[in-house]
1. Within region 172-188, can you find the residues that are surrounded by 14 or more Cβ atoms within 10 Å (Cβ to Cβ), farther than 17 Å from Val221 by Cβ and without any contact (Cβ under 8 Å) to a residue 40 or more places away in the chain?
2. Limited to region 318-350, what total is found for residues that are in contact (Cβ under 8 Å) with a residue 24 or more places away in the chain, assigned to a loop (DSSP other than H, G, I, E, B) and either out of contact with any helix residue (DSSP H, G or I) (no Cβ under 6 Å at 6 or more places or on another chain) or surrounded by fewer than 24 Cβ atoms within 10 Å (Cβ to Cβ) (or both)?
3. From the set of residues in region 264-273 that are within 20 Å of Arg213 (Cβ to Cβ) and touching a residue at least 24 places away in the same chain (Cβ under 8 Å), which is surrounded by the most Cβ atoms within 10 Å (Cβ to Cβ)?
4. Only one of Gly204, Gly211 is at pLDDT 95 or above and surrounded by 21 or more Cβ atoms within 10 Å (Cβ to Cβ); which?
5. Suppose we filter region 27-81 for residues that are among the hydrophobic types (A, V, I, L, M, F, W, C), touching a Phe, Trp or Tyr at 6+ places or on another chain (Cβ under 9 Å), surrounded by fewer than 20 Cβ atoms within 10 Å (Cβ to Cβ) and under 21 Å from Glu398 (Cβ atoms); how many remain?
6. Within region 85-108, identify whether any single residue is touching a residue at least 40 places away in the same chain (Cβ under 8 Å), aromatic (Phe, Trp, Tyr) and over 21 Å from Tyr135 (Cβ atoms), and answer yes or no.
7. In region 298-317, what residues are surrounded by fewer than 17 Cβ atoms within 10 Å (Cβ to Cβ) and at negative phi?
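The values are calculated or read from the model by the stated rules, or taken from the named source; none is laboratory data. Just so it is clear, the structure is predicted and the values come from calculations on it, not from any experiment. As a convention, Cβ positions derive from the backbone with ideal geometry for all residues, glycine included, and neighbour counts pool all protein chains shown.
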Amino acid sequence: MSGFRLYLFDDRRARGWAPLTLTRPVGELLHGCLTQRERAERVFGGPCVGYLSRPALHGFDEPGAAPVVSADEVLDDATRVFLSSRAVPDFGTVGVPDERRRIVIDGQTAGWIVPAGEPPPADAWLRDPDQADDYGAPLAVAGRLLEHLWDLVAENGARVLRDVAELWPEDSAPPGVHRIGDGMISLGEGAEIEPGVHIDVRDGPVRLAEGARVEGPARIVGPLYVGPQSTILGGAVGSSSIGPVCLVRGEVVHSVLLGFVNKAHDGHIGHAYLGRWVNLGAFTTNSDLKNNYTTVRAWTLGGEKDTGMLKVGSFLGDHVKTGIGTVLNTGTVIGAGSNVYGGVMPPRVVPPFSWGSGTDLRDHRLEKFLETAQRVMARRKQGLTPGVTRILRQAWTETAGRRAQ
(Lines give C-alpha, C1' and ligand atoms only; values in the text may rest on other atoms or scores of the structure.)
Protein backbone atom coordinates (compact mmCIF):
# COMPACT_ATOMS: atom_id res chain seq x y z
CA MET A 1 0.00 0.00 0.00
CA SER A 2 1.13 3.60 -0.51
CA GLY A 3 0.63 4.85 3.04
CA PHE A 4 -1.37 4.80 6.24
CA ARG A 5 -1.90 6.84 9.38
CA LEU A 6 -1.06 5.51 12.84
CA TYR A 7 -3.11 6.53 15.87
CA LEU A 8 -2.68 5.35 19.45
CA PHE A 9 -5.67 5.25 21.78
CA ASP A 10 -6.00 5.15 25.55
CA ASP A 11 -8.66 2.62 26.54
CA ARG A 12 -10.45 2.66 29.89
CA ARG A 13 -7.65 0.77 31.60
CA ALA A 14 -4.92 3.05 30.24
CA ARG A 15 -6.84 6.19 31.21
CA GLY A 16 -6.74 4.97 34.79
CA TRP A 17 -2.94 4.99 35.01
CA ALA A 18 -2.87 7.88 37.46
CA PRO A 19 -0.99 9.99 38.34
CA LEU A 20 0.73 10.10 34.92
CA THR A 21 -2.39 10.16 32.74
CA LEU A 22 -3.81 13.31 34.30
CA THR A 23 -1.50 15.39 32.11
CA ARG A 24 -0.32 13.15 29.24
CA PRO A 25 -1.38 10.24 27.02
CA VAL A 26 0.02 6.79 27.79
CA GLY A 27 1.90 6.70 24.50
CA GLU A 28 4.31 9.31 25.85
CA LEU A 29 5.38 7.09 28.75
CA LEU A 30 8.87 5.58 28.65
CA HIS A 31 9.24 1.79 28.79
CA GLY A 32 12.63 0.25 28.15
CA CYS A 33 14.57 2.48 25.75
CA LEU A 34 11.53 3.87 23.91
CA THR A 35 8.25 5.54 24.64
CA GLN A 36 5.16 3.53 23.80
CA ARG A 37 4.68 5.76 20.76
CA GLU A 38 8.24 5.37 19.50
CA ARG A 39 7.94 1.59 19.76
CA ALA A 40 4.69 1.51 17.77
CA GLU A 41 6.18 3.78 15.10
CA ARG A 42 9.18 1.50 14.69
CA VAL A 43 7.12 -1.70 14.50
CA PHE A 44 4.46 -0.38 12.11
CA GLY A 45 6.88 1.67 10.05
CA GLY A 46 5.24 5.08 10.19
CA PRO A 47 4.85 8.13 12.42
CA CYS A 48 2.04 8.38 14.94
CA VAL A 49 -0.11 11.31 13.81
CA GLY A 50 -2.24 11.53 16.93
CA TYR A 51 -3.67 10.12 20.13
CA LEU A 52 -7.28 9.43 20.97
CA SER A 53 -7.61 9.84 24.72
CA ARG A 54 -9.61 11.60 27.42
CA PRO A 55 -11.30 14.80 26.17
CA ALA A 56 -9.43 16.70 28.90
CA LEU A 57 -6.16 15.96 27.07
CA HIS A 58 -7.38 17.29 23.73
CA GLY A 59 -4.82 19.77 22.41
CA PHE A 60 -1.83 18.17 24.14
CA ASP A 61 1.10 19.65 22.22
CA GLU A 62 4.30 18.77 24.04
CA PRO A 63 7.31 19.29 21.73
CA GLY A 64 8.43 16.05 20.11
CA ALA A 65 5.22 14.23 21.01
CA ALA A 66 2.17 13.34 18.95
CA PRO A 67 -0.88 15.55 19.59
CA VAL A 68 -4.09 14.43 21.25
CA VAL A 69 -6.90 14.81 18.71
CA SER A 70 -10.64 14.28 18.65
CA ALA A 71 -12.41 11.63 16.55
CA ASP A 72 -13.64 14.44 14.25
CA GLU A 73 -10.01 15.23 13.35
CA VAL A 74 -9.27 11.69 12.15
CA LEU A 75 -9.28 11.87 8.35
CA ASP A 76 -10.63 8.95 6.31
CA ASP A 77 -8.71 9.47 3.06
CA ALA A 78 -6.19 6.73 3.89
CA THR A 79 -5.99 3.45 5.73
CA ARG A 80 -5.62 4.00 9.46
CA VAL A 81 -4.06 1.88 12.18
CA PHE A 82 -5.58 2.29 15.64
CA LEU A 83 -3.38 0.68 18.30
CA SER A 84 -3.80 0.47 22.06
CA SER A 85 -1.28 2.63 23.91
CA ARG A 86 -0.84 -0.30 26.34
CA ALA A 87 0.58 -2.45 23.54
CA VAL A 88 4.26 -3.41 23.61
CA PRO A 89 4.71 -5.08 20.21
CA ASP A 90 7.84 -7.07 19.51
CA PHE A 91 10.27 -5.69 16.96
CA GLY A 92 9.71 -6.62 13.34
CA THR A 93 7.80 -4.62 10.77
CA VAL A 94 4.07 -5.33 10.64
CA GLY A 95 2.58 -5.14 7.16
CA VAL A 96 -0.53 -2.96 7.02
CA PRO A 97 -3.13 -4.29 4.55
CA ASP A 98 -5.81 -2.17 2.85
CA GLU A 99 -8.64 -4.09 4.46
CA ARG A 100 -10.46 -4.48 7.75
CA ARG A 101 -8.34 -6.29 10.30
CA ARG A 102 -8.43 -6.71 14.05
CA ILE A 103 -5.01 -6.42 15.70
CA VAL A 104 -4.51 -9.15 18.30
CA ILE A 105 -1.66 -9.10 20.82
CA ASP A 106 -1.26 -11.71 23.52
CA GLY A 107 -4.70 -13.11 22.64
CA GLN A 108 -6.46 -9.77 23.20
CA THR A 109 -7.89 -7.16 20.86
CA ALA A 110 -5.30 -4.38 20.73
CA GLY A 111 -6.62 -2.29 17.85
CA TRP A 112 -7.87 -2.27 14.29
CA ILE A 113 -6.86 -1.52 10.73
CA VAL A 114 -9.60 0.62 9.17
CA PRO A 115 -9.63 1.10 5.38
CA ALA A 116 -9.97 4.50 3.75
CA GLY A 117 -13.52 5.81 3.62
CA GLU A 118 -14.69 4.02 6.74
CA PRO A 119 -15.36 5.86 10.02
CA PRO A 120 -12.93 5.61 12.95
CA PRO A 121 -13.71 3.24 15.82
CA ALA A 122 -16.61 4.29 18.02
CA ASP A 123 -15.78 5.74 21.41
CA ALA A 124 -17.19 2.60 23.04
CA TRP A 125 -14.62 0.53 21.11
CA LEU A 126 -11.79 2.82 22.15
CA ARG A 127 -12.75 2.51 25.80
CA ASP A 128 -13.28 -1.25 25.61
CA PRO A 129 -11.64 -2.86 22.53
CA ASP A 130 -13.26 -6.23 23.26
CA GLN A 131 -16.58 -4.72 22.13
CA ALA A 132 -15.25 -4.89 18.57
CA ASP A 133 -13.67 -8.33 18.61
CA ASP A 134 -15.56 -9.29 15.45
CA TYR A 135 -14.22 -6.41 13.31
CA GLY A 136 -12.30 -8.07 10.48
CA ALA A 137 -10.03 -11.08 10.46
CA PRO A 138 -7.44 -11.16 13.25
CA LEU A 139 -3.95 -9.87 12.53
CA ALA A 140 -1.69 -11.47 15.13
CA VAL A 141 1.18 -9.29 16.36
CA ALA A 142 3.71 -10.70 18.80
CA GLY A 143 4.08 -8.72 21.98
CA ARG A 144 2.50 -7.81 25.28
CA LEU A 145 -0.46 -5.76 26.53
CA LEU A 146 0.38 -4.07 29.81
CA GLU A 147 -2.37 -4.21 32.43
CA HIS A 148 -1.25 -1.82 35.17
CA LEU A 149 0.91 1.26 35.59
CA TRP A 150 3.32 -0.70 37.77
CA ASP A 151 3.94 -3.10 34.87
CA LEU A 152 5.96 -0.29 33.29
CA VAL A 153 8.34 -0.60 36.25
CA ALA A 154 8.25 -4.35 36.91
CA GLU A 155 8.98 -5.28 33.28
CA ASN A 156 11.29 -2.40 32.44
CA GLY A 157 14.63 -4.14 32.98
CA ALA A 158 13.75 -7.01 30.66
CA ARG A 159 12.52 -4.49 28.08
CA VAL A 160 15.81 -2.54 28.19
CA LEU A 161 17.73 -5.78 27.64
CA ARG A 162 15.69 -6.63 24.54
CA ASP A 163 15.71 -3.07 23.18
CA VAL A 164 19.48 -2.69 23.34
CA ALA A 165 20.04 -6.06 21.68
CA GLU A 166 17.75 -5.04 18.82
CA LEU A 167 18.61 -1.37 18.37
CA TRP A 168 22.32 -1.07 19.28
CA PRO A 169 23.95 -4.51 18.91
CA GLU A 170 27.54 -3.23 18.65
CA ASP A 171 29.70 -2.75 21.74
CA SER A 172 31.30 0.68 22.02
CA ALA A 173 32.79 0.74 25.51
CA PRO A 174 35.30 3.57 26.03
CA PRO A 175 38.77 2.96 27.48
CA GLY A 176 39.40 3.44 31.17
CA VAL A 177 36.13 2.10 32.56
CA HIS A 178 36.00 -0.93 34.84
CA ARG A 179 33.71 -3.46 33.18
CA ILE A 180 32.27 -6.31 35.21
CA GLY A 181 30.78 -9.07 33.06
CA ASP A 182 30.47 -9.64 29.34
CA GLY A 183 27.32 -7.64 28.60
CA MET A 184 27.01 -4.82 26.08
CA ILE A 185 28.11 -1.23 26.67
CA SER A 186 26.69 1.05 23.98
CA LEU A 187 27.36 4.77 23.54
CA GLY A 188 25.51 7.13 21.24
CA GLU A 189 27.18 10.05 19.50
CA GLY A 190 28.80 12.39 22.01
CA ALA A 191 28.05 10.12 24.99
CA GLU A 192 30.80 9.93 27.60
CA ILE A 193 31.76 7.75 30.55
CA GLU A 194 34.57 9.16 32.64
CA PRO A 195 37.54 6.90 33.44
CA GLY A 196 37.22 5.00 36.69
CA VAL A 197 33.50 4.41 36.50
CA HIS A 198 32.48 0.82 37.35
CA ILE A 199 30.01 -0.73 34.89
CA ASP A 200 28.36 -4.00 35.87
CA VAL A 201 26.83 -5.65 32.81
CA ARG A 202 26.51 -9.17 34.18
CA ASP A 203 22.71 -9.01 34.14
CA GLY A 204 22.19 -6.78 31.14
CA PRO A 205 23.54 -4.03 28.88
CA VAL A 206 24.12 -0.33 29.47
CA ARG A 207 23.09 2.15 26.78
CA LEU A 208 23.92 5.87 26.86
CA ALA A 209 22.07 7.87 24.23
CA GLU A 210 23.42 10.89 22.38
CA GLY A 211 25.14 13.41 24.63
CA ALA A 212 24.57 11.42 27.84
CA ARG A 213 27.35 11.38 30.41
CA VAL A 214 28.39 9.42 33.51
CA GLU A 215 30.69 11.23 35.93
CA GLY A 216 32.86 9.41 38.42
CA PRO A 217 32.87 8.07 40.98
CA ALA A 218 29.87 5.98 40.03
CA ARG A 219 28.74 2.41 39.72
CA ILE A 220 26.18 1.77 37.00
CA VAL A 221 24.46 -1.57 36.56
CA GLY A 222 22.67 -3.00 33.55
CA PRO A 223 20.13 -3.31 32.21
CA LEU A 224 20.24 0.49 32.10
CA TYR A 225 19.17 3.11 29.57
CA VAL A 226 20.27 6.74 29.92
CA GLY A 227 18.49 9.13 27.56
CA PRO A 228 19.84 12.01 25.45
CA GLN A 229 21.69 14.78 27.29
CA SER A 230 21.15 13.16 30.70
CA THR A 231 23.93 13.08 33.28
CA ILE A 232 24.66 10.65 36.09
CA LEU A 233 26.54 12.75 38.62
CA GLY A 234 27.70 9.83 40.76
CA GLY A 235 26.35 7.11 42.99
CA ALA A 236 24.83 3.71 42.24
CA VAL A 237 22.38 3.69 39.33
CA GLY A 238 21.07 0.55 37.71
CA SER A 239 18.32 -1.54 36.19
CA SER A 240 16.43 1.60 35.18
CA SER A 241 15.38 3.82 32.30
CA ILE A 242 16.28 7.50 32.45
CA GLY A 243 14.68 9.80 29.90
CA PRO A 244 16.15 12.90 28.26
CA VAL A 245 17.84 15.79 30.06
CA CYS A 246 17.84 14.30 33.58
CA LEU A 247 20.33 14.93 36.38
CA VAL A 248 20.81 11.88 38.59
CA ARG A 249 22.88 11.30 41.70
CA GLY A 250 22.62 8.83 44.57
CA GLU A 251 20.93 5.46 44.44
CA VAL A 252 18.39 4.77 41.68
CA VAL A 253 17.34 1.18 41.08
CA HIS A 254 14.58 -0.53 39.09
CA SER A 255 12.95 2.80 38.26
CA VAL A 256 11.83 4.94 35.32
CA LEU A 257 12.51 8.68 35.12
CA LEU A 258 10.41 10.00 32.27
CA GLY A 259 12.40 13.09 31.37
CA PHE A 260 13.76 16.45 32.61
CA VAL A 261 13.92 14.97 36.14
CA ASN A 262 16.22 16.68 38.62
CA LYS A 263 17.56 14.23 41.19
CA ALA A 264 20.93 15.87 41.60
CA HIS A 265 21.49 14.84 45.23
CA ASP A 266 21.87 11.74 47.36
CA GLY A 267 18.87 9.65 48.34
CA HIS A 268 17.29 6.33 47.34
CA ILE A 269 14.66 5.93 44.62
CA GLY A 270 13.64 2.34 43.94
CA HIS A 271 10.91 0.61 41.93
CA ALA A 272 9.42 4.02 41.13
CA TYR A 273 8.01 5.88 38.13
CA LEU A 274 8.70 9.63 38.00
CA GLY A 275 6.91 11.91 35.53
CA ARG A 276 8.40 14.83 33.61
CA TRP A 277 9.85 17.83 35.40
CA VAL A 278 9.97 16.12 38.80
CA ASN A 279 12.44 17.77 41.18
CA LEU A 280 13.59 15.79 44.22
CA GLY A 281 15.15 17.66 47.12
CA ALA A 282 18.37 16.37 48.66
CA PHE A 283 18.07 12.99 50.42
CA THR A 284 14.53 12.36 49.17
CA THR A 285 14.06 8.63 49.66
CA ASN A 286 11.26 6.20 48.94
CA SER A 287 10.57 2.85 50.56
CA ASP A 288 9.97 -0.01 48.14
CA LEU A 289 9.59 -2.93 50.57
CA LYS A 290 7.19 -3.32 53.50
CA ASN A 291 8.58 -4.33 56.89
CA ASN A 292 6.37 -7.43 56.93
CA TYR A 293 7.46 -8.51 53.43
CA THR A 294 3.88 -8.75 52.11
CA THR A 295 2.67 -7.52 48.72
CA VAL A 296 2.24 -3.78 48.23
CA ARG A 297 -1.12 -2.14 47.70
CA ALA A 298 -1.30 1.01 45.57
CA TRP A 299 -3.98 3.64 45.03
CA THR A 300 -5.65 3.81 41.61
CA LEU A 301 -8.59 5.78 40.23
CA GLY A 302 -10.64 2.62 40.70
CA GLY A 303 -9.67 2.23 44.34
CA GLU A 304 -6.74 0.67 46.16
CA LYS A 305 -5.40 -2.49 44.52
CA ASP A 306 -2.96 -5.20 45.49
CA THR A 307 -0.08 -5.04 43.02
CA GLY A 308 0.87 -8.64 43.78
CA MET A 309 4.49 -7.51 44.09
CA LEU A 310 6.80 -7.33 47.09
CA LYS A 311 8.71 -4.32 45.80
CA VAL A 312 6.84 -1.20 44.73
CA GLY A 313 8.17 2.31 45.27
CA SER A 314 6.38 5.53 44.39
CA PHE A 315 4.55 7.04 41.43
CA LEU A 316 5.01 10.79 40.92
CA GLY A 317 3.09 12.82 38.36
CA ASP A 318 4.48 15.61 36.18
CA HIS A 319 5.94 18.70 37.92
CA VAL A 320 6.03 17.12 41.40
CA LYS A 321 8.56 18.61 43.83
CA THR A 322 9.86 17.30 47.15
CA GLY A 323 11.76 19.22 49.81
CA ILE A 324 15.01 18.29 51.49
CA GLY A 325 14.82 15.06 53.46
CA THR A 326 11.42 13.97 52.16
CA VAL A 327 10.61 10.31 52.90
CA LEU A 328 7.96 8.49 50.84
CA ASN A 329 6.18 5.36 52.02
CA THR A 330 5.86 2.17 50.00
CA GLY A 331 3.38 2.56 47.14
CA THR A 332 3.02 6.34 47.52
CA VAL A 333 1.18 8.16 44.72
CA ILE A 334 1.72 11.92 44.38
CA GLY A 335 -0.44 13.76 41.88
CA ALA A 336 0.88 16.17 39.26
CA GLY A 337 1.85 19.68 40.32
CA SER A 338 2.25 18.83 44.00
CA ASN A 339 4.94 20.20 46.32
CA VAL A 340 5.62 18.26 49.53
CA TYR A 341 8.29 19.31 51.99
CA GLY A 342 9.22 19.72 55.65
CA GLY A 343 10.93 16.39 56.25
CA VAL A 344 7.60 14.83 57.29
CA MET A 345 6.29 11.75 55.47
CA PRO A 346 3.28 12.74 53.33
CA PRO A 347 0.19 10.51 53.01
CA ARG A 348 0.45 7.53 50.66
CA VAL A 349 -1.97 9.35 48.35
CA VAL A 350 -1.36 13.05 47.68
CA PRO A 351 -4.00 14.68 45.42
CA PRO A 352 -2.76 16.62 42.38
CA PHE A 353 -1.69 20.23 42.97
CA SER A 354 -1.27 19.81 46.72
CA TRP A 355 1.13 21.95 48.74
CA GLY A 356 2.34 21.30 52.27
CA SER A 357 4.12 19.21 54.86
CA GLY A 358 2.96 15.81 56.08
CA THR A 359 -0.83 15.67 56.24
CA ASP A 360 -1.11 19.49 56.35
CA LEU A 361 -1.87 19.85 52.65
CA ARG A 362 -3.64 22.70 50.87
CA ASP A 363 -4.19 23.84 47.30
CA HIS A 364 -1.10 24.73 45.32
CA ARG A 365 -2.09 28.14 43.94
CA LEU A 366 -2.50 27.65 40.22
CA GLU A 367 -0.93 30.87 38.94
CA LYS A 368 2.07 30.47 41.25
CA PHE A 369 2.47 26.87 40.09
CA LEU A 370 2.43 27.91 36.42
CA GLU A 371 4.94 30.70 37.06
CA THR A 372 7.29 28.26 38.75
CA ALA A 373 6.86 25.64 36.02
CA GLN A 374 7.69 28.22 33.37
CA ARG A 375 10.76 29.33 35.30
CA VAL A 376 11.97 25.74 35.80
CA MET A 377 11.47 24.80 32.18
CA ALA A 378 13.27 27.89 30.91
CA ARG A 379 16.41 26.64 32.69
CA ARG A 380 16.38 23.72 30.23
CA LYS A 381 15.47 25.95 27.26
CA GLN A 382 11.90 24.63 27.30
CA GLY A 383 8.55 26.30 27.91
CA LEU A 384 4.89 25.64 28.61
CA THR A 385 3.01 25.34 25.36
CA PRO A 386 -0.54 26.70 25.06
CA GLY A 387 -2.00 23.18 24.90
CA VAL A 388 -0.13 21.88 27.94
CA THR A 389 -0.96 25.06 29.87
CA ARG A 390 -4.65 24.56 29.18
CA ILE A 391 -4.42 20.90 30.24
CA LEU A 392 -2.72 21.86 33.51
CA ARG A 393 -5.37 24.47 34.23
CA GLN A 394 -8.14 22.00 33.56
CA ALA A 395 -6.44 19.31 35.64
CA TRP A 396 -6.22 21.72 38.58
CA THR A 397 -9.94 22.41 38.30
CA GLU A 398 -11.11 18.83 37.82
CA THR A 399 -9.13 17.55 40.82
CA ALA A 400 -10.33 20.25 43.25
CA GLY A 401 -12.79 17.81 44.79
CA ARG A 402 -10.04 15.33 45.62
CA ARG A 403 -8.05 18.03 47.40
CA ALA A 404 -11.12 19.14 49.32
CA GLN A 405 -11.53 15.62 50.72
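1. Across region 172-188, the qualifying residue is only Pro174.
2. Residues in region 318-350 being in contact (Cβ under 8 Å) with a residue 24 or more places away in the chain, assigned to a loop (DSSP other than H, G, I, E, B) and either out of contact with any helix residue (DSSP H, G or I) (no Cβ under 6 Å at 6 or more places or on another chain) or surrounded by fewer than 24 Cβ atoms within 10 Å (Cβ to Cβ) (or both): 14 in total.
3. Ile269
4. Numbers: Gly211 fails: surrounded by 21 or more Cβ atoms within 10 Å (Cβ to Cβ).
None of the other options fit; the residue is Gly204.
5. Residues in region 27-81 being among the hydrophobic types (A, V, I, L, M, F, W, C), touching a Phe, Trp or Tyr at 6+ places or on another chain (Cβ under 9 Å), surrounded by fewer than 20 Cβ atoms within 10 Å (Cβ to Cβ) and under 21 Å from Glu398 (Cβ atoms): 1 in total.
6. Step one: filter region 85-108 for residues touching a residue at least 40 places away in the same chain (Cβ under 8 Å), giving 85-94, 96-98, 105.
Cutting the leftovers down to aromatic (Phe, Trp, Tyr) gives us 91.
Checking which are over 21 Å from Tyr135 (Cβ atoms) leaves us with 91.
Yes, some residue in region 85-108 is touching a residue at least 40 places away in the same chain (Cβ under 8 Å), aromatic (Phe, Trp, Tyr) and over 21 Å from Tyr135 (Cβ atoms).
7. Pass one, region 298-317, residues surrounded by fewer than 17 Cβ atoms within 10 Å (Cβ to Cβ): 301-306, 308, 310.
Once the filter is applied, which keeps residues that are surrounded by fewer than 17 Cβ atoms within 10 Å (Cβ to Cβ) and at negative phi, region 298-317 yields Leu301, Gly302, Glu304, Lys305, Asp306, Leu310.
So that you can scan it fast, the table gives a plain yes or no per residue for (1) assigned by TED's automatic domain parsing to the domain that holds Ala158; (2) part of a strand (DSSP E or B); (3) within 30 Å of Asp182 (Cα to Cα):
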{"position": "Arg219", "(1), (2), (3)": "yes, yes, yes"}
{"position": "Val245", "(1), (2), (3)": "yes, no, yes"}
{"position": "Trp277", "(1), (2), (3)": "yes, no, no"}
{"position": "Asn292", "(1), (2), (3)": "yes, no, no"}
{"position": "Thr295", "(1), (2), (3)": "yes, no, no"}
